[in-house]
Amino acid sequence: KQAKLILYSIFKTKWADIILSELKYADSMFVGFINGKILDSAIIGVICYVCCLIFKFPNAMLVSVIVGVTNIIPFFGPFIGAVPATLLIFIDSPIKAVWFIVFVIALQQADGNVIGPKILGNTTGISSFWVLFAILLFGDIWGFAGMLLGVPIFAVIYHLIKKWVFKRLKINGMENLSEEYEAEYPPNEREKKLES
């Protein structure tokens, strides 16, 4: 409430409304993405723990925590977590370490193709190319924090640029281009809700 008061005291009502609308979109994007990733990672950690017990991998709890926590990082997280987890198992049994690598690959395929999409439900509205680009760019700029928060930050930037381009097309009398784009790449349900 105080931030809203400050916002309306500094800017004219029109601009304060626009800023507030975009801040709500950014908040929704960050909260949705981070909550979804945490839930997804917790599920992967539990599945990993249960399977580690079934397959009798050593250090099941520690290995599962490493795999679950690093799974929060999109794309590279599972591989980052698999390295120390595999080394922990390798110390005890090299054969089991090889089987663990096979298991992690299968687990990540299930996560990437079934579990993750179901939970996240395309929360960001950007393609996988842009997700990878955001992770590499913000990971290079801010390290681990950039890899973690790069996707929602980039999604907000992408949203702002898209709105600006569509507005400029309308001003230039070329809204048919934006209509063609929306027909070919319709916004998902989450985007429609956030924009209304």
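Just a few scattered comments:
- If the Kirkwood radius is taken over C-alpha pairs of segment 95-134, then at 10 °C and 1.306 mPa s the Stokes-Einstein diffusion coefficient equals 135 µm²/s.
- Percent carbon-and-sulfur accessible area, segment 1-146, ignoring ligands, DNA and RNA, probe 1.4 Å: 75
- 15 Å beta-carbon shell around residue 112, net charge (K/R +1, D/E -1): 0
- Protection proxy ranking, highest mean first, for peptides 61-69, 157-165: 61-69, 157-165, where packing is the per-residue count of other beta-carbon atoms within 10 Å, averaged.
- Structure note, pairs 37/118; 4/167; 14/163; 24/162; 1/24: Cα-Cα distances above 20 angstrom occur for 4/167.
- In the chain, taking the dipole from charged Cβ atoms about the Cα centre, the farthest positive-side position among 116, 145, 185 is held by 145.
- Working value for segment 31-71: equivalent-ellipsoid semi-axes of 22, 9, 5 Å, each the square root of 5 times a Cα gyration tensor eigenvalue, largest first.
- Structure remark: mean-square fluctuation, Gaussian network model of the chain, C-alpha springs under 10 Å; the largest value among 18, 38, 72 belongs to 18.
- According to the calculation over all Cα-Cα pairs in the chain, the P(r) per 10 Å bin from zero is 8, 28, 27, 19, 10, 6, 1 %.
- Computed over protein heavy atoms with a 1.4 Å probe, the accessible surface of segment 43-196 works out to 60 Å² per residue.
The values are calculated or read from the model by the stated rules, or taken from the named source; none is laboratory data. Because the structure is predicted, anything quoted here is derived from the model rather than measured. Don't worry about glycine lacking a Cβ; one is built from the backbone with ideal geometry, like all the others, and counts go over all protein chains shown. SASA here: full protein model, heavy atoms, side chains in, ligands and nucleic acids out. Shrake-Rupley method; radii C 1.70, N 1.55, O 1.52, S 1.80 Å.
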